[in-house]
Amino acid sequence: MPQVIEWKNPGEDDIVWRYPEEEITWGAQLIVHEYEYAVFFRDGKAYDVFGPGRHTLTTQNLPLLTEYLTKLLGYPESPFKATVIFVSSKQFRGKFGGQGQTVDLAPLKFFGSFWFRVSDPKLFVMEVVGGQKLYETDKVNEFLRGFL
């Protein structure tokens, strides 16, 4: 039976979710919903960004052959790793704020909100998310706070 890879029940503030299995078998079915993208990594490199639909993945991991080669070559686990990272394409709300003092020692406060969406999922995963398993709007707020 083919492996099915899908992001089920994303949270309201979840921007990125990494599929927990790294041993993705050849012919696995990737289901990408209308409100998300999927970034496919193999051998540590981002190969493709999948849009909505059902996609068949072709990895180097053929279950019986991989098991045989792993034992024959003495690897403790399969050397053929692949990763799927889902990125939400919906709009998220962020908040910012801070306080300080002017030169005249008058207190200064600022706050507000903004809307954002990920427009380049591959770049977002590689430059902002990195190796994290889950990335939420709170982390974007924290990231952007460094620029205020």
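The values are calculated or read from the model by the stated rules, or taken from the named source; none is laboratory data. Computed from a predicted model, the values in this text were never measured in an experiment. Positions of Cβ are generated from backbone atoms using ideal geometry, with glycine treated the same way; all protein chains shown enter the neighbour counts.
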Next item on the list: Please find, within segment 1-14, the residue that is surrounded by the fewest Cβ atoms within 10 Å (Cβ to Cβ) out of those that are in a strand (DSSP E or B) and among the hydrophobic types (A, V, I, L, M, F, W, C).
Entry: 4
Notebook entry, point to check: Tell me, which residue of segment 76-90 that is part of a loop (DSSP other than H, G, I, E, B) and modelled with pLDDT under 90 is nearest to residue 8 (Cα to Cα)?
Noted result: 81
Check: Which of the residues spanning segment 91-148 are among the aliphatic types (A, V, I, L, M) and part of a strand (DSSP E or B)?
Finding: 108, 134
Note to self: I'd like to verify a number: residues in segment 30-55 that are within 10 Å of residue 84 (Cα to Cα) and β-branched (Val, Ile, Thr), how many?
What the structure shows: 2
Margin query: If I filter segment 93-102 for residues that are surrounded by fewer than 16 Cβ atoms within 10 Å (Cβ to Cβ), in contact with an Asp or Glu (Cβ under 8 Å, 6 or more places away or on another chain) and modelled with pLDDT under 95, do I get at least one hit?
Written below: no
Next item on the list: Select from segment 15-32 the residues that are surrounded by fewer than 17 Cβ atoms within 10 Å (Cβ to Cβ) and within 17 Å of residue 131 (Cα to Cα) and write down the one among them that is farthest from the chain's Cα centre (by Cα).
Entry: 23
Next item on the list: Restricting attention to segment 1-12, report how many residues are over 11 Å from residue 84 (Cβ atoms) and within 13 Å of the chain's Cα centre (by Cα).
Entry: 1
Margin query: Residues that are among the acidic types (Asp, Glu), in a strand (DSSP E or B) and in contact with a Ser or Thr (Cβ under 9 Å, 6 or more places away or on another chain): does segment 31-38 have at least one?
Written below: yes
Item checked: residue 136 surrounded by fewer than 10 Cβ atoms within 10 Å (Cβ to Cβ), under 30 Å from residue 45 (Cβ atoms), under 16 Å from the mean Cα position of the chain (by Cα) and not aromatic (Phe, Trp, Tyr) -> no
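Okay, residues lined up against (1) at pLDDT below 90; (2) under 21 Å from residue 2 (Cα atoms); (3) out of contact with any Lys or Arg (no Cβ under 9 Å at 6 or more places or on another chain):
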position	(1), (2), (3)
40	no, yes, yes
44	yes, no, no
54	no, yes, yes
62	yes, yes, yes
65	yes, yes, yes
68	yes, yes, yes
74	yes, no, yes
